[in-house]
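Some notes on the structure that comes next.
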Amino acid sequence: MRFETRAIHAGQDPDPSTGSVIVPIYATTTYAQDAPGKHAGYEYSRTDNPTRTALQDALASLEGVADGSGGGSVATASGMAAAALMGYLLEAGDHVLLPNDAYGGTFRFFARVLGEQGFEWSVADPTDVDAVRAAIRSNTRLVWLETPTNPLLRVADMAALAAIAHDAEALLCVDNTFATPYLQRPLDHGADVVLHSTTKYLGGHSDVVGGALVTRDAALLEQLRFLQNAAGPVPGPFDAFLVLRGLKTLSLRMDRHCENAMRIAEFLRDDERTVEVAYPGLADHPDHEVAHRQMDGFGGIVSFRPEGGVAAAHRFTERTELFFLAESLGGVESLIEVPAAMTHASVVGTDLEVPDDLVRLSVGIEHVDDLIEDLDRALG
Ligand SMILES: Cc1ncc(COP(=O)(O)O)c(C=O)c1O
C-alpha cells in the first residue's frame with residue numbers, strides 16, 4: 001500500500017466488536033480478565049490502550065517499518081516526553097552529540113536536565129560531516145539530529161551521519177517533526193530512531209500535544225516499550241485519536257504546506273524589505289542539493305530576516321493578521337514567531353543561539369494569495 005492509503009488504513013481496521021470504521025476512543029484505565037493474567041492483550045492503559053496501539057501501528061507504517069518485522073513505535077505525551085525516553089537509554093557518563101541548530105526545548109533537556117546529572121554533551125554543525133566526525137568521543141552513545149533544523153532550516157546528510165554514528169557504536173536519532181514521514185523517512189537513510197512531536201504536522205490542527213519514537217530495531221523497540229510503561233509519559237486515548245485523525249489528511253495538507261511555503265519563500269526572497277530568506281526549496285539554499293536528494297518536498301516552514309533589525313522583526317510579527325503570533329507550527333493555520341524571544345529563548349547565549357531578528361513562519365494551508373497579501377501589508 002502507498003503512503004496515502006496507509007495513512008488511512010494502517011492499524012485502523014474496523015473495530016472488531018462493533019464494526020466502527022473509526023478507531024474508538026477507548027476511555028478505560030483497565031480491562032476485565034478471564035482469569036488472573038488471562039486477557040485479550042490489554043491489562044492497564046499506561047501499559048497499552050487500543051487507541052494508542054492503532055496510532056503506534058499507523059506511525060510505524062508511515063515511517064517505513066514493515067509489518068511483522070519486530071520494529072514499531074511508542075507514542076508519548078509530547079515530543080519532549082519522547083526525547084526524555086531517549087535520555088533514559090543513556091547511562092551517566094555517556095556523551096550525546098547535539099546539532100548546532102535545534103528546537104530550544106531539546107537542547108534544554110540534554111544540557112540543563114541530563115547535563116546537570118552527569119551526562120556529557122557537546123555541539124557540532126550537522127551539515128559539516130568532518131566536524132561531526134571530529135566531535136565524536138569514545139563515550140558517544142547518541143547522535144541527535146533535526147533535519148530540516150528548527151529554525152534555521154539547514155538540511156543534514158542523514159546517511160553520512162548514520163555511518164559516523166554507527167562507526168562509534170552510537171545511535172542516530174532523527175527528529176522528523178519538520179519534514180514528516182510524507183516528505184522524508186530517516187530510517188531509510190540509516191537512522192536508528194525517528195522522533196516526532198505529533199503536536200505539529202501529524203496532528204495538524206493545533207489541538208493536541210503528543211510525540212512518538214519509531215524504530216526498525218526490535219531490541220530497541222522492546223527497550224522503548226519497557227521505558228514507556230516504566231516511566232509512564234503516555235498520551236491519553238483522546239489525544240491518540242486526534243493524532244490518528246490528523247494522519248488521514250497528512251499527505252494533502254503537506255502538499256499544500258509545501259506549495260504555499262515555496263511561493264512565500266520566493267515572494268520574500270524577491271522583496272527588498274527582507275535581507276535573508278531560508279527555505280530548502282530555494283535553489284540557492286546552501287543545502288538544496290542534499291534536501292533534493294533525501295526529501296520528497298521541502299516543508300512548510302520559512303525563516304527570514306526583515307530589513308531593519310530586531311525592532312522591525314518584532315513590529316512585523318505584531319502586524320500580521322492571518323499569521324497569528326504564536327509558538328508552535330504545523331497546523332492548518334499560519335503562525336509567525338521570533339524564535340530568539342519565544343521558542344528558542346532557552347538557547348540564547350549558547351552555540352545554538354539564533355539571530356534575534358530572525359522570523360519563523362509556519363505556513364498554513366489558507367489561500368496563498370491571502371497569506372502573501374498579509375505579509376506584504378505587515379512588511380509596511
Ligand atoms: C522540531 C521539534 N522537536 C520537538 C519539539 C517538542 O515537541 P512538544 O512540544 O510536542 O513536546 C518541538 C516543539 O516545538 C519541535 O519543534
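The values are calculated or read from the model by the stated rules, or taken from the named source; none is laboratory data. Treat the numbers as computed from the prediction; the structure is a model and nothing was measured. Just the protein is used for accessible areas: all its heavy atoms, side chains included, with ligands, DNA and RNA removed. Shrake-Rupley method; radii C 1.70, N 1.55, O 1.52, S 1.80 Å.
Key figures
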item	result
Net length gained if the chain between residue 125 and residue 9 were fully extended (0.36 nm per residue, minus Cα distance)	37.9 nm
Cα long-axis angle, helix 218-231 against the chain (0 to 90 degrees, to the nearest 10)	90 degrees
Built amide H within the under 5 Å cut-off of residue 64, gap 5+	none
Calculated [θ] (222 nm, deg cm²/dmol) that DSSP helices of n ≥ 4 give over the chain, each run adding -39,500 (n - 2.57)	-10000 deg cm²/dmol
Gap separating the Cα centres of the stretch 72-139 and the stretch 183-237, nearest whole Å	16 Å
GNM flexibility winner over the chain from 298, 267, 178 (Cα, springs under 10 Å)	267
Share of carbon and sulfur in the accessible heavy-atom surface of the stretch 266-315 [1.4 Å probe, %]	46 percent
Antiparallel content of DSSP bridges confined to the chain, in %, to 5	55 percent
Choice from 22, 264, 365 showing the highest fluctuation, given a GNM over the chain with Cα pairs closer than 10 Å	22
The stretch 24-77, accessible surface, carbon-and-sulfur percent (1.4 angstrom probe)	52 percent
For the stretch 167-226: accessible area per residue (Å², 1.4 Å)	32 Å²
Candidates 131, 54, 165: whichever shows maximal mean-square fluctuation once the chain is modelled as a Gaussian network with Cα springs under 10 Å	131
Relative contact order %, the stretch 305-380, counting alpha carbon pairs below 8 Å whose residues are six or more apart	36 percent
